[in-house]
Each structure stands twice: as structure tokens, then as C-alpha cells.
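Visitor: Shown below is the structure under consideration.
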């Protein structure tokens, strides 16, 4: 029996833990000045990080649904992540509103992934479009999702500590 279903459960648990950790960290910030800080000179502030997380989970949910239904996943916008974050104006938006938006997007995405049969290797290994980097699978996306949230959790910690 393949260990992959167990690994997928671990990834889903990691996503849930990342969600809880980010929610706790951001919601307990008591100094409003922290929300003005950036991750380095041209880096993001916490609102931008949260806006990006919400965008990513919304996109990943749409992509996962398309792959699960046997269709082609949606394509990217052609713009860089920095451009999309800046264009959305997240820097000036309320971090708590963006946190709630991301938590909902993340919960929806997590629920969809958890609803998929964990032992259906054909589904989890179904490749996306070649433009996704050679057929980025749903399994690849799950692994990236847990890492992506953890990476941005670390970014938020760095912002707070700066």
C-alpha cells in the first residue's frame, strides 16, 4: 500500500496548523505600528502578505477543482506576484479584514482537498497544463500549499521582529 494517502493527510494537517498559527499571530498584535512595517526595504507589510495568501488559496482552489473535474486549470495572469499585490492595494487595507478573507479562502480550499479521495493516485497525479512547469500535479500543489503558508508565516514573524 502506498504511503501517499498518509503524506497527504500530513500536508492537510500542516495547512491547518499554519492557518491557526497565522491567525493567532496576526490577531494578537497589539502595536498598530507593526502593521506599517515591511519585510525589508521594498518588502511586503502584513496586509500584503495576507492579501497574497487569500489570492493564492482562491487560485489554488479553482485550480484543484479544475484538475479534479478533469479540466485544464486556470492560467496565471501573466503579472508578477508583486505586481498583483501592489495592484490590489493590499498595503492600505485592514489586516484583520484580509485575515478573515484569507481564513475563509483557506478553509474552503482545505475542505475541498479533504473531500477528495486520498487514495486516488490517478487524481492526485493528474498533470496540469504544460505551462504549469511540466504538468504540476494536484499532489505537487498540496505539498507547495503547506510550504507556501509556512514560508509566509515566517515572513510575518520577521516583520514583527524587525
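Values in this text are rule-based calculations from the coordinates and carry no lab data. This structure is a prediction, so every number in the text was calculated from the model and none was measured. Backbone-built Cβ (ideal geometry, glycine too); neighbour counts: all protein chains shown.
Visitor: What ranking do 135-142, 16-23 get when scored by the average of other Cβ atoms within 10 Å per residue, highest first?
Guide: 135-142, 16-23
Visitor: Still on this structure, please answer the following. For the chain, take the longest principal axis of its alpha carbons; what is the angle in degrees between that and the long axis of helix 46-68, to the nearest 10 within 0 to 90?
Guide: With both axes taken from Cα atoms, the answer is about 10 degrees.
Visitor: In addition: Can you tell me the Rg and Dmax of the stretch 53-100, counting just the alpha carbons, in angstroms?
Guide: Cα radius of gyration and Dmax of the stretch 53-100 are 13.1, 39 Å respectively.
Visitor: When the chain is fully extended, how far beyond the present Cα-Cα distance does residue 42 get from residue 21, taking 0.36 nm per residue of separation?
Guide: Residue separation times 0.36 nm, minus the Cα-Cα distance, leaves 5.0 nm.
Visitor: Determine the calculated [θ] at 222 nm for the chain from helices alone, applying -39500 (n - 2.57) to every DSSP H run no shorter than 4 residues and normalising by the residue count; nearest 500 deg cm²/dmol.
Guide: After summing the helix terms and dividing by residue count, I get -21500 deg cm²/dmol.
Visitor: Kirkwood Rh over alpha-carbon pairs of the chain, then Stokes-Einstein at 4 °C and 1.567 mPa s: what D in µm² s⁻¹, rounded to an integer?
Guide: Translational diffusion coefficient: 78 µm²/s.
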